[in-house]
Structures are given as C-alpha cells and as structure tokens.
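Only one structure is covered here, and it is reproduced in the block below.
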C-alpha cells in the first residue's frame with residue numbers, strides 16, 4: 001500500500017565554515033516518483049552543503065548560535081528541487 005507521505009526529520013550536519021547545525025529536512029519517500037525523490041535529495045544536499053548541483057547556494061550568515069534560519073535557495077528553473085517543479089510533481093503524486 002502506498003502512503004504518499006513525506007515526513008520531516010531533524011538532521012545534524014556541519015556547515016561549510018565548520019559550525020554544527022541542526023536542520024528539519026524532508027525524508028525521501030522510497031515510493032515517490034523519481035522527480036520527487038531527486039528534488040528532495042537536492043534540497044537536502046543544498047541545505048547541508050550550501051550548494052545544489054544546479055548552482056543554487058544558501059547564505060548561512062544569518063544563522064547564529066541559538067537562532068534559526070530558513071534555508072532559501074534559488075534553484076534553476078530546470079532543477080527538480082525548484083519549488084515550481086517539486087510542488088507540481090507532489091500535487092500529481094498526492095492525487
């Protein structure tokens with residue numbers, strides 16, 4: 001039975017400058033279509049490393065000890081992690 005569920009999990013990682021961080025990141029559902037799995041994988045990579053294979057980057061400067069920051073990245077329009085593409089794929093999958 002397919003559940004069509006994307007869950008979030010806390011992930012601890014090291015920022016490019018050596019600081020430790022905790023992120024609330026979506027899990028990659030094994031039963032999701034390739035475009036969704038790839039889009040979520042790229043978003044996770046971008047959040048943890050600061051850059052996406054498409055060239056999008058995250059500015060961690062606003063992150064300070066004891067504070068939070070929403071990691072935002074402007075993915076290329078052709079990138080499966082772009083909000084437009086990922087939302088469209090998720091809507092199709094969740095019907």
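The values are calculated or read from the model by the stated rules, or taken from the named source; none is laboratory data. Everything numeric in this text was worked out from a predicted model, so none of it was measured. With ideal geometry, Cβ positions are generated from the backbone for all residues, glycine too; neighbour counts draw on all protein chains shown.
Residue pairs, Cβ under 6 Å, 6 or more apart or interchain, first in the range 4-25 and touching a residue at least 24 places away in the same chain (Cβ under 8 Å) and at positive phi, second surrounded by fewer than 14 Cβ atoms within 10 Å (Cβ to Cβ) and not in a strand (DSSP E or B). List them.
Partner pairs satisfying both residue conditions: 4/94.
Taking into account only those residues within the range 1-14 that are surrounded by 10 or more Cβ atoms within 10 Å (Cβ to Cβ) and modelled with pLDDT under 85, which is nearest to residue 59 (Cα to Cα)?
The residue in question is 5.
For residue 44, all conditions in the list (1) under 11 Å from the mean Cα position of the chain (by Cα); (2) modelled with pLDDT under 90 hold save one; what is the number of the exception?
Checking residue 44 against (1) under 11 Å from the mean Cα position of the chain (by Cα); (2) modelled with pLDDT under 90, the one that fails is (2).
Just for the range 16-32: of the residues that are part of a loop (DSSP other than H, G, I, E, B) and either under 11 Å from residue 44 (Cα atoms) or at pLDDT 85 or above (or both), which one is farthest from the chain's Cα centre (by Cα)?
Looking at residues that are part of a loop (DSSP other than H, G, I, E, B) and either under 11 Å from residue 44 (Cα atoms) or at pLDDT 85 or above (or both), I get 18.
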